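Structure first, commentary second.
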Amino acid sequence: MKIEDILPTRRELLRYGGLGILGASAFSSPLRANSTANTKPRGTARNVIFFELAGALSHVDSFDFKENVSTRKDFDVRKTSNGIYVPYLLFPRMFEVMDKVAHVRSFVSHEEVHLRGQYYVQAGRQLNVAFAPEIPSIGSVVSSELESQRRSTDTFPTYVSFNLTTNQVGALSTGFLPPRHAVFDLNPDEALAGMRLDQKATELLEERWRLLSSLRNARGDRQEGLDKSIGGFEDFSTIAKNLLSDSRWPKAFGIPDADRQRYGNTSVGLSSILTRNLLQQDGGTRYIHICHDGWDHHKDIWTKTAPTNHFKQASQMDPALASLIEDLAVAQSPVHPGKTLLDDTLVVCMGEFGRTPGPLNFQHGRDHHKACFPAMFAGAGVKGGRVVGASNADGTKCVDTGWQHSMQPRIENVVATIYSALGIDWSKEVHKTHSGRSYVYVDPLGANGLIPTDELSNLYA
(Lines give C-alpha, C1' and ligand atoms only; values in the text may rest on other atoms or scores of the structure.)
Protein backbone atom coordinates (compact mmCIF):
# COMPACT_ATOMS: atom_id res chain seq x y z
CA MET A 1 0.00 0.00 0.00
CA LYS A 2 1.42 3.37 -1.02
CA ILE A 3 0.95 6.54 0.97
CA GLU A 4 -0.34 8.32 -2.14
CA ASP A 5 -3.07 5.70 -2.44
CA ILE A 6 -4.42 6.67 0.98
CA LEU A 7 -3.41 10.21 1.77
CA PRO A 8 -4.95 13.16 -0.03
CA THR A 9 -2.50 14.86 -2.35
CA ARG A 10 -1.60 18.48 -1.74
CA ARG A 11 -3.96 19.42 -4.57
CA GLU A 12 -6.76 17.39 -2.95
CA LEU A 13 -6.10 18.85 0.48
CA LEU A 14 -6.35 22.31 -0.99
CA ARG A 15 -9.67 21.28 -2.48
CA TYR A 16 -10.88 19.84 0.84
CA GLY A 17 -9.83 22.84 2.87
CA GLY A 18 -7.71 25.90 3.25
CA LEU A 19 -8.65 27.45 -0.07
CA GLY A 20 -8.42 30.86 1.49
CA ILE A 21 -4.68 30.41 1.91
CA LEU A 22 -4.12 30.74 -1.83
CA GLY A 23 -4.86 34.44 -1.79
CA ALA A 24 -3.53 35.20 1.66
CA SER A 25 -1.22 38.12 2.16
CA ALA A 26 1.41 38.16 4.89
CA PHE A 27 2.86 41.52 5.79
CA SER A 28 6.24 41.94 7.36
CA SER A 29 5.30 45.06 9.34
CA PRO A 30 3.92 44.33 12.81
CA LEU A 31 0.21 45.05 13.12
CA ARG A 32 -1.18 47.20 15.92
CA ALA A 33 -4.77 47.11 17.09
CA ASN A 34 -6.63 49.35 19.48
CA SER A 35 -10.21 49.85 20.63
CA THR A 36 -11.96 53.03 19.53
CA ALA A 37 -15.20 52.91 21.53
CA ASN A 38 -16.60 51.93 24.89
CA THR A 39 -17.98 48.58 23.79
CA LYS A 40 -18.81 45.73 26.16
CA PRO A 41 -18.57 42.39 24.37
CA ARG A 42 -21.24 39.99 25.60
CA GLY A 43 -19.14 36.80 25.62
CA THR A 44 -22.12 34.43 25.71
CA ALA A 45 -20.89 32.18 22.88
CA ARG A 46 -17.96 29.87 22.55
CA ASN A 47 -18.81 29.03 18.93
CA VAL A 48 -20.62 30.59 15.96
CA ILE A 49 -22.38 28.88 13.06
CA PHE A 50 -23.24 31.08 10.08
CA PHE A 51 -25.78 29.35 7.85
CA GLU A 52 -25.78 31.27 4.56
CA LEU A 53 -28.74 31.01 2.17
CA ALA A 54 -26.71 32.11 -0.85
CA GLY A 55 -28.78 33.45 -3.72
CA ALA A 56 -31.49 34.91 -1.46
CA LEU A 57 -34.54 33.18 -0.03
CA SER A 58 -37.94 34.76 -0.74
CA HIS A 59 -38.68 36.34 2.64
CA VAL A 60 -42.41 36.87 2.01
CA ASP A 61 -42.83 33.16 1.30
CA SER A 62 -40.87 32.00 4.32
CA PHE A 63 -39.87 33.63 7.60
CA ASP A 64 -41.52 37.01 7.07
CA PHE A 65 -44.60 35.49 5.52
CA LYS A 66 -46.97 37.83 3.67
CA GLU A 67 -50.02 36.48 1.90
CA ASN A 68 -50.13 37.88 -1.64
CA VAL A 69 -51.54 37.14 -5.07
CA SER A 70 -48.73 34.63 -5.69
CA THR A 71 -49.16 32.67 -2.45
CA ARG A 72 -49.79 29.03 -3.30
CA LYS A 73 -52.88 27.45 -1.80
CA ASP A 74 -50.93 24.32 -0.82
CA PHE A 75 -48.48 26.23 1.44
CA ASP A 76 -50.53 25.19 4.49
CA VAL A 77 -49.61 28.32 6.46
CA ARG A 78 -49.70 27.67 10.19
CA LYS A 79 -49.21 29.86 13.24
CA THR A 80 -46.82 28.72 15.96
CA SER A 81 -47.63 29.08 19.64
CA ASN A 82 -45.54 32.27 19.54
CA GLY A 83 -47.69 33.77 16.77
CA ILE A 84 -45.17 33.25 13.96
CA TYR A 85 -46.68 32.27 10.62
CA VAL A 86 -44.78 29.62 8.68
CA PRO A 87 -45.61 27.86 5.36
CA TYR A 88 -45.74 24.35 6.81
CA LEU A 89 -45.43 22.69 3.40
CA LEU A 90 -41.98 24.24 2.97
CA PHE A 91 -40.67 24.22 6.55
CA PRO A 92 -42.34 21.48 8.62
CA ARG A 93 -39.21 20.85 10.66
CA MET A 94 -38.33 24.51 11.24
CA PHE A 95 -41.92 25.01 12.43
CA GLU A 96 -41.08 22.75 15.38
CA VAL A 97 -38.02 24.78 16.49
CA MET A 98 -39.49 28.28 16.22
CA ASP A 99 -39.46 28.52 20.02
CA LYS A 100 -35.64 28.49 19.86
CA VAL A 101 -35.32 31.03 17.03
CA ALA A 102 -35.48 34.84 17.12
CA HIS A 103 -36.38 36.65 13.89
CA VAL A 104 -35.11 40.09 12.92
CA ARG A 105 -37.30 41.32 10.06
CA SER A 106 -35.86 44.76 9.41
CA PHE A 107 -32.50 44.30 7.67
CA VAL A 108 -31.39 46.42 4.74
CA SER A 109 -28.43 45.69 2.48
CA HIS A 110 -25.94 47.98 0.75
CA GLU A 111 -25.90 45.52 -2.13
CA GLU A 112 -28.33 44.08 -4.68
CA VAL A 113 -25.96 42.01 -6.82
CA HIS A 114 -25.07 38.48 -5.73
CA LEU A 115 -21.27 38.63 -5.92
CA ARG A 116 -21.08 41.90 -4.03
CA GLY A 117 -23.80 40.81 -1.61
CA GLN A 118 -22.09 37.51 -0.83
CA TYR A 119 -18.78 39.31 -0.35
CA TYR A 120 -20.58 41.71 2.02
CA VAL A 121 -21.92 38.76 4.05
CA GLN A 122 -18.52 37.04 4.28
CA ALA A 123 -16.36 40.14 4.84
CA GLY A 124 -18.81 42.30 6.79
CA ARG A 125 -18.19 45.32 4.54
CA GLN A 126 -18.69 46.49 1.01
CA LEU A 127 -16.45 45.25 -1.77
CA ASN A 128 -13.75 47.78 -2.61
CA VAL A 129 -11.50 46.30 -5.30
CA ALA A 130 -8.64 48.63 -4.34
CA PHE A 131 -8.43 47.19 -0.81
CA ALA A 132 -10.01 43.74 -1.23
CA PRO A 133 -6.66 41.85 -1.23
CA GLU A 134 -5.96 42.95 2.34
CA ILE A 135 -9.49 42.45 3.74
CA PRO A 136 -9.95 39.26 5.80
CA SER A 137 -13.19 37.36 6.16
CA ILE A 138 -15.11 37.48 9.44
CA GLY A 139 -14.03 33.92 10.18
CA SER A 140 -10.35 34.78 9.75
CA VAL A 141 -10.71 37.71 12.17
CA VAL A 142 -12.33 35.34 14.65
CA SER A 143 -9.46 32.87 14.17
CA SER A 144 -6.93 35.61 14.85
CA GLU A 145 -8.76 36.90 17.91
CA LEU A 146 -9.23 33.46 19.45
CA GLU A 147 -5.70 32.24 18.72
CA SER A 148 -4.57 32.93 22.30
CA GLN A 149 -7.35 30.62 23.55
CA ARG A 150 -6.19 27.62 21.54
CA ARG A 151 -5.04 24.72 23.70
CA SER A 152 -2.15 22.38 22.99
CA THR A 153 -4.72 19.71 22.11
CA ASP A 154 -6.49 21.91 19.54
CA THR A 155 -5.57 20.50 16.13
CA PHE A 156 -8.75 21.40 14.23
CA PRO A 157 -8.72 24.72 12.34
CA THR A 158 -10.48 27.52 14.20
CA TYR A 159 -12.34 28.54 11.03
CA VAL A 160 -14.04 25.81 9.00
CA SER A 161 -16.55 26.22 6.19
CA PHE A 162 -18.62 24.00 3.94
CA ASN A 163 -19.16 24.66 0.23
CA LEU A 164 -18.03 28.29 0.24
CA THR A 165 -16.61 27.72 -3.23
CA THR A 166 -20.13 27.14 -4.60
CA ASN A 167 -21.20 30.77 -4.27
CA GLN A 168 -20.18 33.59 -6.58
CA VAL A 169 -17.43 35.12 -4.43
CA GLY A 170 -15.80 31.90 -3.22
CA ALA A 171 -13.74 31.59 -0.04
CA LEU A 172 -12.02 34.86 0.89
CA SER A 173 -8.36 35.00 1.82
CA THR A 174 -6.98 36.10 5.17
CA GLY A 175 -6.10 39.54 3.81
CA PHE A 176 -3.57 41.25 6.08
CA LEU A 177 -3.75 38.39 8.60
CA PRO A 178 -1.24 35.49 8.50
CA PRO A 179 -2.23 32.52 6.30
CA ARG A 180 -2.66 30.27 9.34
CA HIS A 181 -6.02 31.98 9.87
CA ALA A 182 -7.27 30.82 6.47
CA VAL A 183 -10.62 29.11 6.14
CA PHE A 184 -10.53 25.32 5.90
CA ASP A 185 -13.28 24.93 3.29
CA LEU A 186 -14.72 21.45 2.96
CA ASN A 187 -16.77 19.78 0.29
CA PRO A 188 -18.63 17.29 2.52
CA ASP A 189 -18.86 14.51 -0.06
CA GLU A 190 -15.14 14.63 -0.90
CA ALA A 191 -14.18 15.08 2.74
CA LEU A 192 -16.22 12.08 3.84
CA ALA A 193 -14.47 9.97 1.22
CA GLY A 194 -10.93 11.23 1.75
CA MET A 195 -10.25 12.12 5.37
CA ARG A 196 -9.66 8.70 6.95
CA LEU A 197 -6.38 6.91 7.70
CA ASP A 198 -5.71 3.39 8.91
CA GLN A 199 -2.85 2.51 11.26
CA LYS A 200 -0.37 1.65 8.51
CA ALA A 201 -1.03 4.88 6.68
CA THR A 202 -0.66 6.84 9.91
CA GLU A 203 2.74 5.26 10.58
CA LEU A 204 3.86 6.06 7.03
CA LEU A 205 2.64 9.63 7.43
CA GLU A 206 4.71 10.00 10.61
CA GLU A 207 7.78 8.61 8.83
CA ARG A 208 7.39 11.03 5.92
CA TRP A 209 6.82 13.89 8.37
CA ARG A 210 10.07 13.12 10.22
CA LEU A 211 11.92 13.20 6.89
CA LEU A 212 10.31 16.54 5.96
CA SER A 213 11.20 17.97 9.39
CA SER A 214 14.81 16.90 8.92
CA LEU A 215 14.94 18.64 5.55
CA ARG A 216 13.50 21.80 7.08
CA ASN A 217 16.10 21.76 9.83
CA ALA A 218 18.91 21.20 7.33
CA ARG A 219 17.68 24.15 5.31
CA GLY A 220 18.22 26.35 8.35
CA ASP A 221 17.67 30.05 7.82
CA ARG A 222 17.87 29.90 4.03
CA GLN A 223 14.11 30.41 3.87
CA GLU A 224 14.50 33.94 5.17
CA GLY A 225 13.75 36.49 2.50
CA LEU A 226 11.58 34.13 0.47
CA ASP A 227 7.97 34.96 -0.34
CA LYS A 228 5.80 34.93 2.78
CA SER A 229 3.38 32.46 1.17
CA ILE A 230 6.06 29.77 1.69
CA GLY A 231 5.49 30.03 5.43
CA GLY A 232 1.76 29.91 4.81
CA PHE A 233 1.99 26.62 2.95
CA GLU A 234 4.21 25.21 5.71
CA ASP A 235 1.59 26.25 8.27
CA PHE A 236 -1.02 24.50 6.15
CA SER A 237 1.12 21.34 5.93
CA THR A 238 1.42 21.30 9.72
CA ILE A 239 -2.32 21.75 10.16
CA ALA A 240 -3.05 18.95 7.68
CA LYS A 241 -0.60 16.58 9.37
CA ASN A 242 -2.01 17.31 12.83
CA LEU A 243 -5.55 16.77 11.59
CA LEU A 244 -4.77 13.47 9.93
CA SER A 245 -2.97 12.27 13.08
CA ASP A 246 -5.76 13.25 15.49
CA SER A 247 -8.16 10.39 16.25
CA ARG A 248 -10.98 12.91 16.79
CA TRP A 249 -10.90 13.99 13.15
CA PRO A 250 -12.14 10.68 11.64
CA LYS A 251 -14.69 10.47 14.46
CA ALA A 252 -16.10 13.82 13.35
CA PHE A 253 -16.64 12.31 9.89
CA GLY A 254 -18.59 9.30 11.11
CA ILE A 255 -22.23 9.69 10.02
CA PRO A 256 -24.88 7.09 10.93
CA ASP A 257 -27.58 6.38 8.35
CA ALA A 258 -30.22 7.67 10.78
CA ASP A 259 -28.55 11.10 10.74
CA ARG A 260 -28.46 11.14 6.95
CA GLN A 261 -32.20 10.49 6.91
CA ARG A 262 -33.06 13.09 9.55
CA TYR A 263 -30.80 15.89 8.25
CA GLY A 264 -31.30 14.95 4.62
CA ASN A 265 -28.72 13.09 2.57
CA THR A 266 -27.80 16.28 0.73
CA SER A 267 -24.71 18.45 0.67
CA VAL A 268 -26.19 20.94 3.13
CA GLY A 269 -27.54 18.12 5.28
CA LEU A 270 -24.12 16.45 5.49
CA SER A 271 -22.50 19.84 6.15
CA SER A 272 -24.83 20.39 9.09
CA ILE A 273 -24.10 16.94 10.54
CA LEU A 274 -20.36 17.53 10.24
CA THR A 275 -20.79 20.95 11.87
CA ARG A 276 -22.43 19.32 14.87
CA ASN A 277 -19.76 16.63 14.99
CA LEU A 278 -16.86 19.09 14.82
CA LEU A 279 -18.23 21.07 17.76
CA GLN A 280 -18.88 17.91 19.75
CA GLN A 281 -15.29 16.72 19.24
CA ASP A 282 -14.05 20.04 20.71
CA GLY A 283 -10.84 19.97 18.66
CA GLY A 284 -10.44 23.73 18.32
CA THR A 285 -13.02 24.68 15.67
CA ARG A 286 -14.95 27.74 16.83
CA TYR A 287 -16.39 29.40 13.70
CA ILE A 288 -18.24 27.44 11.01
CA HIS A 289 -19.73 28.87 7.83
CA ILE A 290 -22.22 26.67 5.97
CA CYS A 291 -23.02 27.84 2.45
CA HIS A 292 -26.30 26.59 0.97
CA ASP A 293 -26.22 27.94 -2.54
CA GLY A 294 -28.94 27.90 -5.19
CA TRP A 295 -31.72 30.19 -3.93
CA ASP A 296 -31.60 32.60 -6.88
CA HIS A 297 -34.89 31.98 -8.67
CA HIS A 298 -35.73 34.80 -11.04
CA LYS A 299 -37.87 32.29 -12.88
CA ASP A 300 -39.93 29.23 -12.00
CA ILE A 301 -39.59 29.84 -8.27
CA TRP A 302 -42.64 27.60 -7.55
CA THR A 303 -42.52 25.39 -10.64
CA LYS A 304 -41.99 21.92 -9.21
CA THR A 305 -40.95 20.48 -12.56
CA ALA A 306 -38.18 23.07 -13.01
CA PRO A 307 -34.57 21.85 -12.51
CA THR A 308 -34.21 24.19 -9.52
CA ASN A 309 -36.82 26.01 -7.47
CA HIS A 310 -37.63 27.11 -3.92
CA PHE A 311 -39.41 23.82 -3.19
CA LYS A 312 -36.18 21.91 -3.79
CA GLN A 313 -34.07 24.34 -1.79
CA ALA A 314 -36.46 24.39 1.16
CA SER A 315 -36.60 20.58 1.20
CA GLN A 316 -32.82 20.59 1.71
CA MET A 317 -32.49 23.51 4.10
CA ASP A 318 -35.44 22.69 6.38
CA PRO A 319 -34.32 19.30 7.79
CA ALA A 320 -30.66 20.35 7.85
CA LEU A 321 -31.01 23.52 9.92
CA ALA A 322 -33.85 22.24 12.13
CA SER A 323 -31.98 19.02 12.97
CA LEU A 324 -28.82 20.99 13.72
CA ILE A 325 -30.67 23.27 16.15
CA GLU A 326 -32.44 20.29 17.74
CA ASP A 327 -29.20 18.36 18.25
CA LEU A 328 -27.27 21.33 19.59
CA ALA A 329 -30.09 21.90 22.08
CA VAL A 330 -29.68 18.44 23.62
CA ALA A 331 -25.93 17.82 23.14
CA GLN A 332 -23.89 18.40 26.27
CA SER A 333 -21.37 21.21 26.11
CA PRO A 334 -17.86 19.72 26.09
CA VAL A 335 -16.52 22.62 28.18
CA HIS A 336 -19.41 23.88 30.32
CA PRO A 337 -21.01 21.22 32.55
CA GLY A 338 -24.76 21.54 32.77
CA LYS A 339 -25.00 23.50 29.52
CA THR A 340 -25.79 22.41 25.97
CA LEU A 341 -23.94 23.08 22.74
CA LEU A 342 -26.73 25.47 21.78
CA ASP A 343 -26.02 27.41 24.98
CA ASP A 344 -22.42 27.64 23.73
CA THR A 345 -23.20 28.43 20.11
CA LEU A 346 -24.67 31.42 18.30
CA VAL A 347 -26.48 30.28 15.14
CA VAL A 348 -27.14 32.87 12.40
CA CYS A 349 -29.16 32.10 9.26
CA MET A 350 -29.63 34.61 6.45
CA GLY A 351 -29.09 35.39 2.77
CA GLU A 352 -27.48 38.42 1.18
CA PHE A 353 -30.86 40.14 0.65
CA GLY A 354 -34.52 39.22 0.03
CA ARG A 355 -36.64 38.76 -3.08
CA THR A 356 -39.23 41.05 -4.60
CA PRO A 357 -42.60 40.84 -2.84
CA GLY A 358 -46.01 40.83 -4.47
CA PRO A 359 -46.85 39.21 -7.81
CA LEU A 360 -44.30 36.99 -9.55
CA ASN A 361 -42.45 38.47 -12.51
CA PHE A 362 -43.11 37.52 -16.13
CA GLN A 363 -40.79 34.50 -15.71
CA HIS A 364 -42.80 33.20 -12.73
CA GLY A 365 -40.01 34.13 -10.33
CA ARG A 366 -38.91 36.85 -7.92
CA ASP A 367 -36.04 39.31 -8.37
CA HIS A 368 -33.64 40.91 -5.86
CA HIS A 369 -34.93 43.04 -2.98
CA LYS A 370 -32.55 44.76 -0.56
CA ALA A 371 -34.87 47.27 1.16
CA CYS A 372 -36.13 44.91 3.87
CA PHE A 373 -35.41 41.25 4.59
CA PRO A 374 -35.09 38.94 7.64
CA ALA A 375 -32.50 36.85 9.44
CA MET A 376 -32.78 34.18 12.13
CA PHE A 377 -30.74 33.81 15.32
CA ALA A 378 -30.60 31.07 17.95
CA GLY A 379 -28.48 29.97 20.90
CA ALA A 380 -25.90 31.64 23.17
CA GLY A 381 -28.50 33.51 25.20
CA VAL A 382 -30.76 34.59 22.31
CA LYS A 383 -34.41 34.67 23.39
CA GLY A 384 -36.23 32.34 20.99
CA GLY A 385 -39.78 32.53 19.74
CA ARG A 386 -39.63 36.26 19.18
CA VAL A 387 -39.85 38.71 16.30
CA VAL A 388 -37.72 41.86 16.34
CA GLY A 389 -38.54 44.62 13.88
CA ALA A 390 -41.21 44.53 11.20
CA SER A 391 -41.86 45.05 7.51
CA ASN A 392 -45.04 46.54 6.11
CA ALA A 393 -48.09 44.53 4.99
CA ASP A 394 -46.56 43.42 1.69
CA GLY A 395 -42.91 43.10 2.81
CA THR A 396 -41.55 45.88 0.62
CA LYS A 397 -40.18 48.19 3.31
CA CYS A 398 -39.38 48.42 7.01
CA VAL A 399 -41.91 49.96 9.40
CA ASP A 400 -40.15 49.07 12.69
CA THR A 401 -36.36 48.82 12.90
CA GLY A 402 -36.61 46.74 16.06
CA TRP A 403 -33.85 48.49 17.97
CA GLN A 404 -32.78 51.85 19.38
CA HIS A 405 -31.90 53.40 16.02
CA SER A 406 -34.15 54.83 13.33
CA MET A 407 -31.80 53.38 10.70
CA GLN A 408 -32.35 49.74 9.77
CA PRO A 409 -29.79 47.17 10.93
CA ARG A 410 -27.32 45.84 8.34
CA ILE A 411 -24.76 43.09 7.87
CA GLU A 412 -22.34 45.20 9.93
CA ASN A 413 -24.63 44.77 12.93
CA VAL A 414 -24.75 41.01 12.42
CA VAL A 415 -20.93 41.05 12.47
CA ALA A 416 -20.90 43.16 15.64
CA THR A 417 -23.33 40.66 17.22
CA ILE A 418 -21.09 37.74 16.26
CA TYR A 419 -17.96 39.40 17.63
CA SER A 420 -19.73 40.49 20.81
CA ALA A 421 -21.10 37.00 21.44
CA LEU A 422 -17.56 35.60 21.14
CA GLY A 423 -16.21 38.23 23.54
CA ILE A 424 -14.44 40.19 20.80
CA ASP A 425 -14.31 43.99 20.92
CA TRP A 426 -15.89 44.91 17.60
CA SER A 427 -14.69 48.52 17.76
CA LYS A 428 -11.03 47.54 17.25
CA GLU A 429 -8.94 49.14 14.54
CA VAL A 430 -5.84 47.57 13.02
CA HIS A 431 -3.13 49.94 11.82
CA LYS A 432 -0.14 49.52 9.55
CA THR A 433 -1.80 47.35 6.94
CA HIS A 434 0.01 47.06 3.61
CA SER A 435 -1.89 49.96 2.06
CA GLY A 436 -1.43 52.13 5.14
CA ARG A 437 -5.20 52.21 5.59
CA SER A 438 -6.66 51.25 8.97
CA TYR A 439 -8.93 48.24 9.19
CA VAL A 440 -11.93 48.61 11.52
CA TYR A 441 -13.48 45.36 12.72
CA VAL A 442 -16.96 46.79 12.08
CA ASP A 443 -16.76 49.65 9.62
CA PRO A 444 -18.99 52.64 10.53
CA LEU A 445 -18.79 54.07 7.01
CA GLY A 446 -21.70 52.69 5.01
CA ALA A 447 -22.64 53.24 1.40
CA ASN A 448 -24.30 56.58 2.11
CA GLY A 449 -22.47 57.82 5.21
CA LEU A 450 -22.08 56.84 8.83
CA ILE A 451 -24.12 53.91 10.14
CA PRO A 452 -24.63 52.46 13.65
CA THR A 453 -22.18 49.68 14.50
CA ASP A 454 -24.01 48.34 17.58
CA GLU A 455 -24.68 44.69 18.22
CA LEU A 456 -28.30 43.50 18.01
CA SER A 457 -28.82 43.63 21.77
CA ASN A 458 -32.60 43.22 21.44
CA LEU A 459 -32.04 39.58 20.57
CA TYR A 460 -31.32 38.98 24.22
CA ALA A 461 -34.02 41.19 25.78
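The values are calculated or read from the model by the stated rules, or taken from the named source; none is laboratory data. Model, not experiment: these values are computed from the prediction. Cβ sites come from the backbone with ideal geometry, for glycine too, and all protein chains shown count toward neighbours.
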Residues of segment 405-450 being assigned to a strand (DSSP E or B) and either free of Cβ contacts under 8 Å to residues at least 24 places away in the same chain or over 20 Å from Ala123 (Cβ atoms) (or both), in sequence order, are Leu445, Gly449, Leu450
Among the residues of segment 425-435, is any β-branched (Val, Ile, Thr), under 25 Å from Asn128 (Cα atoms) and more than 22 Å from the chain's Cα centre (by Cα)?
yes
Of the criteria (1) under 21 Å from Val129 (Cβ atoms); (2) in contact with a Ser or Thr (Cβ under 9 Å, 6 or more places away or on another chain), which one Glu455 fails
(1)
Only one of Val113, Val104, Val129, Val142 is in contact with a Ser or Thr (Cβ under 9 Å, 6 or more places away or on another chain) and of a type in the set (A, V, I, L, M); which?
Val142
Would segment 291-300 turn up any residue that is at pLDDT 65 or above, under 18 Å from Ser323 (Cα atoms) and buried (at least 18 other Cβ atoms within 10 Å of the Cβ)?
yes
So Phe91 clears everything in (1) surrounded by fewer than 18 Cβ atoms within 10 Å (Cβ to Cβ); (2) over 30 Å from Arg437 (Cα atoms); (3) not hydroxyl-bearing (Ser, Thr, Tyr) except one condition, right? Which one?
(1)
Exactly one condition in (1) within 30 Å of Val330 (Cβ to Cβ); (2) at pLDDT 95 or above is false for Leu360; which is it?
(1)
Residue check: is Arg125 over 23 Å from Thr453 (Cα atoms), surrounded by 17 or more Cβ atoms within 10 Å (Cβ to Cβ) and either at pLDDT below 95 or basic (Lys, Arg) (or both)?
no
Where a residue in segment 113-132 is on the phi > 0 side of the Ramachandran plot and its partner, wherever it lies, is part of a helix (DSSP H, G or I) and of a type in the set (Asp, Glu), with Cβ under 9 Å and at least six apart
Gly124/Glu412
Among Phe311, Phe253, which is the only one that is over 26 Å from Val121 (Cβ atoms) and out of contact with any Pro (no Cβ under 6 Å at 6 or more places or on another chain)?
Phe253
Thr308 vs (1) over 23 Å from Thr165 (Cβ atoms); (2) over 22 Å from the mean Cα position of the chain (by Cα); (3) of a type in the set (S, T, N, Q): all pass except (1)
From (1) surrounded by fewer than 24 Cβ atoms within 10 Å (Cβ to Cβ); (2) part of a loop (DSSP other than H, G, I, E, B), pick out the condition that doesn't hold for Ser109.
(1)
Check whether at least one residue in segment 106-113 is of a type outside the set (Val, Ile, Thr), over 26 Å from Gln408 (Cβ atoms) and in contact with a Pro (Cβ under 8 Å, 6 or more places away or on another chain), and report yes or no.
no
Taking segment 389-404 and keeping residues exposed (fewer than 14 other Cβ atoms within 10 Å of the Cβ) and either in contact (Cβ under 8 Å) with a residue 60 or more places away in the chain or among the charged types (D, E, K, R) (or both) leaves Ala393, Asp394
Out of everything in segment 340-357 that is among the β-branched types (Val, Ile, Thr) and under 22 Å from Pro41 (Cα atoms), what residue ends up being surrounded by the most Cβ atoms within 10 Å (Cβ to Cβ)?
Thr345
